[in-house]
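The values are calculated or read from the model by the stated rules, or taken from the named source; none is laboratory data. Computed from a predicted structure; not experimentally measured. For neighbour counting, all protein chains shown are included, and Cβ atoms are generated from backbone atoms with ideal geometry for every residue, glycine included.
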Amino acid sequence: MSLLRSFPKLSFTLVLLSIVGIAISQRSIGLLLVAGALAAISWYLTEGPRGRWLPRWVSNVLVVGVSLNIIVDVMQNPDDVLGVLGRFILWLMIIKLYERRTSRDHGHLLGLSLLLMITGCLHTVDLFFGIILFVYALLGLYVLVLFQLHAAHEKSRDERFAAMPEHSTAAPLIKPITGRYVGAQLRSLTVVVAVCGFALGMVIFMVFPRGLGEGVVEMLSSPSQDRRPGYSDEVDLISGGRITDSRRGVMSVQLQDQEGRPFVSGEPLLLRGAVLDRYDGRGRWRSASRTEDTLSVEAGRFTSLLSDNRGDAFEDELLDDSRIVTVHVEMLQNLDTVMTLYPPVAVAMDASQDLLVDQLRLTMQQQRSAPRLHRYRVKTVPLASDELLQRLDAGGQSRIRLSPRLRNSEVQALAQQLLRDGGLPVDPPGEHGSAERFEWSHAAAHQFMRYLHSPEFMYTLDLSGMVLPHEGGRQMDPVSYFLLEYQRGHCEYFASAMVSLCLHVGIEARLVTGFVAYEYDGATQRYTIVESNAHAWTEVRTEKHRWTVFDPTPPATLRELHAGGSVADRLRWFYDSFDGMWGRTIVDFDRTRQAQLADSGANATIGQQANEFVRALRNWMERVNRAFYLGPAGYFYMAFIGGILVLAIIALIKLMRRSLLLKRLFNLRHVRGRDQRRMLKQLGFYADMLVTLRRAGLAKPHWQPPLLYAKAVQLQSPEAATIIEKLTAAFYSIRYGGAELSPKELAQKQRQVTELEAVLRSRPVHL
Amino acid sequence: MKRRYHLHIPGLAYFGLTLVVALAAMNSQNNLLFWIFGALCSGIVISGLISGLMMIHIRLKRLDPQFGAVGEPMLIRYALVNRSRFLPAFNIHIEERAVEKGLGWQKLMPPASSWVMHIGPRETVHGEAIFWPMRRGKACFFQTRIWTTFPFGIIKKSVTFSQQQHTLIYPQLHELRPDLLRAVSPPSVMGMRTTERPGSGEEYFGLREHRDNDSIRSISWKRSAQLDQFVCIERSSPSPPKLRIIVNLTVPTDQLKVDPGNGNDELTGRELEERAISLAASVAHSAHHAGYEISMIVAGMDVPVIGMRHSYWHLRKIMAALASIDLDAARDSGQQLPSIDAERAGLVVIHPDRAEPLPETGGRTEAMHITGRQLDSIAIRPMGWDLHVAHRRDAEKGQHPTRQKVVAA
């Protein structure tokens, strides 16, 4: 029967889906093409009466070969055990696809595909993989249900043949014994099971305690947990795998003045995470020797970073400065670095914990075992005085110099040429640390930044065409290559180039990584920071304790990149919104969210929850409006579209109800396909007639055929009976005669029904 | 009705997988794995709930198969009713439970099961299990169990229904050599004969006056015209050939003359007795289909004498008597059997081991004595209960190779 025959196809689809899933999780197009092609070929080779299968010994040899290959793979990629495991399962599954497929083999294939998806989960938590996983779960549910029936059918048949004695005649072939509507009932039951299973699964997902047994087996820990959302405290220009254009939310930030009023900054916010001042000449930046102090921060209390009272409680009065800005950060993802504006003077966390403070660079980081950051506040003074910077002791003693090994004469010549072009002396004037030297440094940095902003340089994330040449047996420094030849790259290249130019003429400069915030949400009065806001820029020493920010990345390009002007970008906004929602609700669901959920469930009334829902809806509408630049008319459009959607849903429900009514009235359930559609379309007038007659007290008994009923009505209402007879004749021709009325004729029938209604209203029937 | 949940290997594997996913999720704190874990857990709960709800509404009734025959498929049908208003039932397996009693069916045949794929709400469907009886006797069915692993194969839920029934398994039938019956019946009594009684035959018996309800076709018009009253022709009663079968089971099994010295003869005493019974059944069956009236006496056992009749039900009566013979029961060598000395019927005496004259046969020297040991030489091949079906299958042989198996000659 068709239900059981559909099982192999659906099972194969599920297997293909798991291959797509593992390829997506490992981000390997090659794997997808090779494994997908092999799997697809297996279908044509093994299925059908002429199917050929691999002999068992061949598949055993292949399994041994794959196992040996996996051992080699593990030795070559000791850091990617999960990837190796995924590939191993994948090849086992491919081999299995070429074997003879009994119901037991089908079971093995389903099990392997599930393992493949689990391995994929350990690799990635991307929305696209999540969608594949969701589709896999739904299809898998149906396939599993079908598998039960398919396996039972095969087992029953095999048992029956095995039970036959040697010399006996054969038993009849087994056909499944079923009741009526087996397919429809199976599908309905599967839908019910899926809905219940999903609901129950979500409940278990939400209540299962988080944090238990975390990282016990470190080798098998999910790489996704170490994921840094576009940001890293190290930069590797060559690998560049961290650069992302994802719009998944990382955090939201609010700026408050000293009175606690939120405000918008006139310029993009640059939130510092890490300061990198050591370059290895091969495209890798990191921090030089760290001088980290542990700072104990009590929950809810500002702790000072000032050198004279570090670790003590901080009061605004300590600074005697009215330009103190408080940065409120709410994390949406797990990030162990405290993001601040420059320079931070005090920090407060939502839970007591120890922070590692790098006083030289004024950066802060959580200790490794600390609980996840959720909310924190940092007090900063963007326009800090020299005195304050001195109190912060921000790197006063250190000096950043270019290593002679990294000196490139061409870059140096370029830097000197730029200085000459800007009318600045090539050699640093004055003594080191003198005001004259710092003024020159500031002007030179400006000159370099202008050069990098020039049209000669182009911002791009696509560096696939960048092939580093070799010089004297060594690969060329990517920063020099970017500056001198390629001139295309992303923010890290621009920032690195600027630092390189500065260092080549003796200016102290360093690379900073963090986030740039552009998007301000007026409703929540917060900046929303997404993964693609990860950014790198430059800090140049312009005074003994002052580091001035220079962002060499072309600002227009950056704004364009973050604004997203094209239609595709706007449409992508939806995907990104889902991605963000996916990240917030599923991927980043943790202990704190569990507690919040429990609190909101326990404390909030229905009214409060409704208010919360309305507020969230309003915010969402505002975001959509902004994303599509719709203006005030946008709310009208959205209301219009919402109204149409509601009307469409109502219409759909009415249509479905009518369809069910017609099927029940005219016993159409056993009529299939085109005939059923024709009758559903054409027999509406007769159903309307029956409803009209029922309202008039002339309900048609179920046992009575339509023609008899028409004659019976004649006794009570001869005028109505004339119309009923006409309608009944049309009903018979459609229902049993295969006739199809034209739209005009159908409209005429509807008019007759209206006429009938009028007749019955004018001359009520007295029974 | 007894309801039970069972854990089975696929279920244990599923639990193992769930545990592994839980450990992996805890180790990695990966929320997708937590979600998969939630889905797997909900699978366990839903599997138990669905199968439990499904089975709670199902009622089963075993339909009496009447009889079975050794070597022939015995179809046992089950009526399954789903009393639920909304919930359909899927993947229902039906099996007879073996019991530790002497009369259990499991001594006579290997187990068989039935599978019903679907029962709609408020529907009744019929499942069927095909048993292949290996021995004759009385098969007693006590309990039937239905079980399902639907929807996910994790938890097995079973319901056991108690319904006591017994079915007789007839002995194995063999197609006998065609000359056997001719040899049994003396030449003088061969062919269709009439008796000196009026009956329903075709031969003329006499005339009598017309009575109400006489067929108009039986009126002798010529004689009626002569006598001026309606006169009917009476036909004589037919007298088919008769055959009496005596199964000699007077000698206890352990006293049977089994010849262990003969290397080719590895038959035990019990096997010889079974062969004798099978031979008796085959003779009765062949004789019945050849139009004989059959009578049967089982000497030495407490089996009532079966009189001379010819009908399908009479044959079934003989078969039932042969099927119910309990060879473990005490033998009665002094049993009084009716005298058949003057009977005008062929006589076959079937012995398990060796032909020894029975006192009841008196002077019937024409009696044919055959033994269970001779079965192989007398029988052509095993045969089904229903000759028509067997012949049709023979005719179809080769045309549907998947449905046919080569019959051992």
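Screening A:ILE118 with (1) out of contact with any Ser or Thr (no Cβ under 8 Å at 6 or more places or on another chain); (2) aliphatic (A, V, I, L, M); (3) not assigned by TED's automatic domain parsing to the domain that holds A:VAL20 gives one miss only, at (3). The test for being at pLDDT below 85 and either outside any loop (DSSP other than H, G, I, E, B) or on the phi > 0 side of the Ramachandran plot (or both) does not hold for B:SER224. When A:PHE128 is tested against (1) among the aromatic types (Phe, Trp, Tyr); (2) within 8 Å of chain B (Cβ to nearest Cβ); (3) under 26 Å from the mean Cα position of the chain (by Cα), only condition (2) is not met.
Looking only at the stretch A:197-227, residues that are at pLDDT 85 or above and within 7 Å of another protein chain (Cβ to nearest Cβ) come to 7 in all. Under the condition of being in contact (Cβ under 8 Å) with a residue 12 or more places away in the chain and hydroxyl-bearing (Ser, Thr, Tyr), the residues counted in the stretch A:724-748 number 2. Of the residues making up the stretch A:77-96, those that are over 25 Å from the mean Cα position of the chain (by Cα) and modelled with pLDDT of 90 or more number 8. Has the stretch B:97-112 got at least one residue that is in contact with a Cys (Cβ under 7 Å, 6 or more places away or on another chain), facing another protein chain (nearest Cβ under 9 Å), part of a loop (DSSP other than H, G, I, E, B) and surrounded by 15 or more Cβ atoms within 10 Å (Cβ to Cβ)? Looking through the stretch B:97-112, none of the residues is in contact with a Cys (Cβ under 7 Å, 6 or more places away or on another chain), facing another protein chain (nearest Cβ under 9 Å), part of a loop (DSSP other than H, G, I, E, B) and surrounded by 15 or more Cβ atoms within 10 Å (Cβ to Cβ). Within the stretch A:168-182, none of the residues are free of Cβ contacts under 8 Å to residues at least 12 places away in the same chain, of a type outside the set (D, E, K, R) and either part of a helix (DSSP H, G or I) or more than 9 Å from chain B (Cβ to nearest Cβ) (or both). The number of residues in the stretch B:147-175 being away from every other protein chain (no Cβ under 11 Å) and either of a type in the set (Gly, Ala, Ser) or in contact with a Pro (Cβ under 6 Å, 6 or more places away or on another chain) (or both) comes to 5. Among the conditions (1) loosely packed, with under 14 Cβ neighbours inside 10 Å; (2) away from chain B (no Cβ under 14 Å); (3) hydroxyl-bearing (Ser, Thr, Tyr), the only one that A:THR585 does not satisfy is (2). Selection over the stretch B:18-57 of residues that are under 12 Å from A:VAL193 (Cα atoms), surrounded by 21 or more Cβ atoms within 10 Å (Cβ to Cβ) and at the interface with chain A (Cβ under 7 Å from one of its Cβ atoms) gives a count of 5.
Looking at the stretch A:663-678, can you tell me whether even one residue there is part of a helix (DSSP H, G or I) and within 29 Å of A:ARG763 (Cα to Cα)? Yes, because at least one residue in the stretch A:663-678 is part of a helix (DSSP H, G or I) and within 29 Å of A:ARG763 (Cα to Cα). Residue count for the stretch B:230-252 satisfying the condition of being in a loop (DSSP other than H, G, I, E, B) and at pLDDT 90 or above: 1. For the stretch B:129-146, a residue qualifies if it is more than 8 Å from chain A (Cβ to nearest Cβ), within 30 Å of A:GLN185 (Cβ to Cβ) and within 20 Å of the chain's Cα centre (by Cα), and the qualifying residues are B:ALA129, B:GLN143, B:THR144. Residues that are touching a residue at least 60 places away in the same chain (Cβ under 8 Å) and at positive phi were ranked within the stretch A:383-436; the one that is surrounded by the most Cβ atoms within 10 Å (Cβ to Cβ) is A:GLY395.
Just one of (1) crowded, with 19+ Cβ neighbours inside 10 Å; (2) modelled with pLDDT of 75 or more; (3) at the interface with another protein chain (Cβ under 7 Å from one of its Cβ atoms); (4) not in a helix (DSSP H, G or I) fails for A:GLN185. It is (4).
Entry remark, the stretch A:508-525: residues being under 28 Å from A:ARG437 (Cβ atoms) and out of contact with any Leu (no Cβ under 8 Å at 6 or more places or on another chain) number 1 in total.
Scanning the stretch A:330-352 for residues that are assigned to a strand (DSSP E or B), in contact with a Leu (Cβ under 8 Å, 6 or more places away or on another chain), at pLDDT 85 or above and not small (Gly, Ala, Ser) returns A:VAL338, A:THR340, A:PRO344, A:VAL345, A:VAL347, A:MET349. For B:VAL81, indicate whether it is more than 7 Å from chain A (Cβ to nearest Cβ), closer than 25 Å to B:GLN164 by Cα and modelled with pLDDT under 85. Taking the combined requirement at face value, the residue does not satisfy it.
Looking at A:LEU741, A:LEU715, A:LEU708, A:LEU727, just one residue is in a helix (DSSP H, G or I), surrounded by 14 or more Cβ atoms within 10 Å (Cβ to Cβ) and hydrophobic (A, V, I, L, M, F, W, C), and that residue is A:LEU727.
Checking the structure you have, find out if any residue of the stretch B:66-79 is acidic (Asp, Glu), part of a loop (DSSP other than H, G, I, E, B) and without any contact (Cβ under 8 Å) to a residue 12 or more places away in the chain. The answer is no, given that none of the residues of the stretch B:66-79 is acidic (Asp, Glu), part of a loop (DSSP other than H, G, I, E, B) and without any contact (Cβ under 8 Å) to a residue 12 or more places away in the chain. For B:PHE90, the stated conditions do not hold, so it cannot be described as at pLDDT 90 or above, in a helix (DSSP H, G or I) and at the interface with another protein chain (Cβ under 10 Å from one of its Cβ atoms).
Somewhere in the stretch A:49-60, is a residue under 34 Å from the mean Cα position of the chain (by Cα), surrounded by 15 or more Cβ atoms within 10 Å (Cβ to Cβ) and in a helix (DSSP H, G or I)? No: the stretch A:49-60 contains no residue that is under 34 Å from the mean Cα position of the chain (by Cα), surrounded by 15 or more Cβ atoms within 10 Å (Cβ to Cβ) and in a helix (DSSP H, G or I). Just one residue in the set B:SER295, B:SER282 is in contact with a Gly (Cβ under 6 Å, 6 or more places away or on another chain), more than 18 Å from B:GLU356 (Cβ to Cβ) and assigned by TED's automatic domain parsing to the domain that holds B:GLY334; that residue is B:SER295.
Do we have A:ALA137 as within 8 Å of another protein chain (Cβ to nearest Cβ) and surrounded by fewer than 19 Cβ atoms within 10 Å (Cβ to Cβ) here? In short, yes.
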